[in-house]
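Structure first, commentary second.
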Amino acid sequence: MDDQVPRSSSSTVSPPPASSLTFNKCHVDRMINSSHYCSPSRTIYSDRFIPSRSASKFALFDIPASPTSAAAGASPTAPDGRDDSSSAYTTLLRTALFGPDAAGVPVPLTPEKRTSSASVMTLPSRNIFRYKTETRQSFHSLSPFMSDDAVPGVNHSPVKAPRKVSRSPYKVLDAPALQDDFYLNLVDWSSHNVLAVGLGNCVYLWNACSSKVTKLCDLGIDDCVCSVGWAQRGTHLAVGTSNGKVQIWDAARCRKIRSMEGHRLRVGALAWSSSLLSSGGRDKNIYQRDIRAQEDFVSKLSGHKSEVCGLKWSYDNRELASGGNDNRLFVWNQHSTQPVLKYCEHTAAVKAIAWSPHLHGLLASGGGTADRCIRFWNTTTNSHLSCMDTGSQVCNLVWSKNVNELVSTHGYSQNQIIVWRYPNMSKLATLTGHTYRVLYLAISPDGQTIVTGAGDETLRFWNVFPSPKSQNTDSEIGASSLGRTIIR
C-alpha cells in the first residue's frame, strides 16, 4: 500500500553519534536550570530601578568600591532566604497576636540598629549617582493592629496633646441693664486694658488691672447707648447713641471732646482706623469721620438695604468690612463710596465680622438665626473659601493674634462660646454658662482673654488663647481678680 512506510530488513537500530548526545544533554540542562544559565552573548537587564555598577570606574571619582557592589541588583533577604520586610511583618504579627513574651519571637531590628551593627563591615557611602530614593519607614507601620501597646524594639513617636481650655470663667461681673439686642455693640476692650460697657444710658469703664469702675458719661433719659468703640491708641472712646449722634470722649479726663451728627436713626456699629472713625446706623448708611477735620463726616457710604450692624477695619487699615440686616457682607476701600466687593451667601443678618491678623485678606463672617454659618473669604482674590454650619445664631467673631484660632459666640438656641482651630475648623472647646444670647464679645490687649456679655446681665471672662510664646501663664487680669462683682 502506498501509505505504508517500508521497514528495514534489520531489527537493530544504530545509536546516534556522540556529538548529538552531548548537544541534547546540554539543551536539557539549560531547560532545567534556565534561571541560572547566563548566555555569554546576551546583555543582562534588571527589572528594578537599581543601577548595576559592575562596570563603573569608581577610581575616577576617588570612591572606594563597596564589597557588596556586585550584588547591587539583588533584593535583600534574610539568612533563611525569606524577604527581609516579610520577616519583619511576620515578627510584628506574632507579637500583636501572642504578645511580646511569645516563645521564639526575635526582637525586630530597626533600620538604625541594623545600620549600626553592620557599620563595622561596610564602608561609608557617598550616594553619588543614586537613582533610588530610600525612605525610612517605621516597622510599627507594618503592624495590622494600630494599638497603643508597646512593641519590643519599636519607638513610638510622642503625640502632642491638644491644648486644654478652661471650661469655666475666672471672673463674672454683674452688668445691670445690659440690653438683649442683637444689633448693638456695647462692649469693647482698649489697648490700655480698660473695658468699656454701655449700660442703659450710661457708659462705664472697668480697669482690668485695678478692677476700678468709673462712670464715663450719662446720656440722659431721652437717649441710650447703642455702641462703644475704643480708638487704637486706647485714649479716646467713641459712643453711638439712639438719637443718631456719635460722641468722642477723653477716657482719662472723662470729658466729651465733640459730638458729630449725620445719622437719622440709632448708631449700632463703630470702627476705628487711625484717626478715621466709621459709623453704621439703622438708616442703612455708613459715615466716614476724620476727627481732625471740622466737618462731622468726610464721606457717606451707601449700599446696604437695611440696618448696618457690623463694621470692622482690616489690620492694615486698607479695607472696611460691613454687615447688615439685609444679609449682605460688603467690603470697601479707603476712598470708595460704593462697595468694591459684595457677598450675598448669608441668609440672615451679618453682625459677626473678623479680619485675620495672620493672613492678608482673610475675612470671617457669621450669619444670624436663619443662617447659623461661619464663612471665610479671600478679599484679595474675591473668593469664597469655606463654610461651617455652627447650628445656632452667630453673634460675634474674633481672631487670636497669638495663634491661628478664632472664637465665636452664639445665640439661639444654645448660647454657647466655641473656640475653633483654623483652617480645619476643629473645635478646641465649647464654653457654656450664659442663659441668654451671647451678644457681646471683646478680647484683651494681650490676646489671651475674652469677655462675653449677654442679656442675662453678666460679663464673663475666659482664658481661651495662649500667650505669644505659647505658654499658658496666668494673665495680669486673671491673676488679680477672681469671684463675682458688679460693674457699677
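Read the figures in this text as sums done on the coordinates, not as results from a lab. Quick caveat: nothing in here was measured; it's all calculated off a predicted structure. A quick note on method: Cβ atoms are made from the backbone with ideal geometry, for glycine too, and the neighbour counts reach across all protein chains shown.
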Treating the Cα atoms of the range 314-359 as identical point scatterers in vacuum, please give the log10 of the normalised Debye intensity I(q)/I(0) at q = 0.18, 0.32, 0.34 Å⁻¹, two decimals. -0.55, -1.16, -1.20
Compactness relative to 2.2 N^0.38 Å, alpha carbon Rg of the range 153-292: 1.34
Computed FRET value (nearest 0.05) for ILE486 with HIS335, which takes r as the C-beta separation and R₀ as 51 Å: 0.65
Residue by residue through the range 444-449, which ³J(HN,Hα) values in whole Hz follow from phi under the Karplus form 6.51 cos²θ - 1.76 cosθ + 1.60 (θ = phi - 60°), with glycine and proline marked x? 6, x, 7, x, 9, 10
Cβ under 12 Å from TRP332's Cβ, TRP332 left aside: what net charge do those residues give with Lys, Arg +1 and Asp, Glu -1? +3
Taking the Cα atoms of the range 232-330 alone, what are Rg (to one decimal) and Dmax (as a whole number) in Å? 12.9, 40
Using only alpha carbon pairs under 8 Å that are at least six residues apart, calculate the relative contact order of the range 412-467 and give it in whole percent. 25
Too long for a 18 Å Cα-Cα cut-off, among LYS171/LYS427; LYS312/LYS351; LYS171/LYS469; LYS284/LYS342, are LYS171/LYS427; LYS171/LYS469
Which residues qualify? For VAL340, with a placed amide H closer than 5 Å and at least 5 residues away or on another chain, they are VAL331, TRP332, ASN333
Contour minus Cα-Cα span, GLU345 to ASP250, at 0.36 nm per residue, comes to 30.2 nm
Set the Förster radius R0 to 51 Å, insert the Cβ-Cβ distance between ILE257 and SER386 as r into 1/(1 + (r/R0)^6), and round the FRET efficiency to 0.05. 0.75
Per-residue ³J(HN,Hα) for the range 302-318, Karplus 6.51 cos²θ - 1.76 cosθ + 1.60, θ = phi - 60°, Hz, x for Gly and Pro: 10, x, 6, 9, 8, 4, 8, 10, x, 9, 8, 8, 5, 5, 8, 6, 9
Cα-based Rg of the range 299-427 normalised by 2.2 N^0.38 Å, two decimals: 0.98
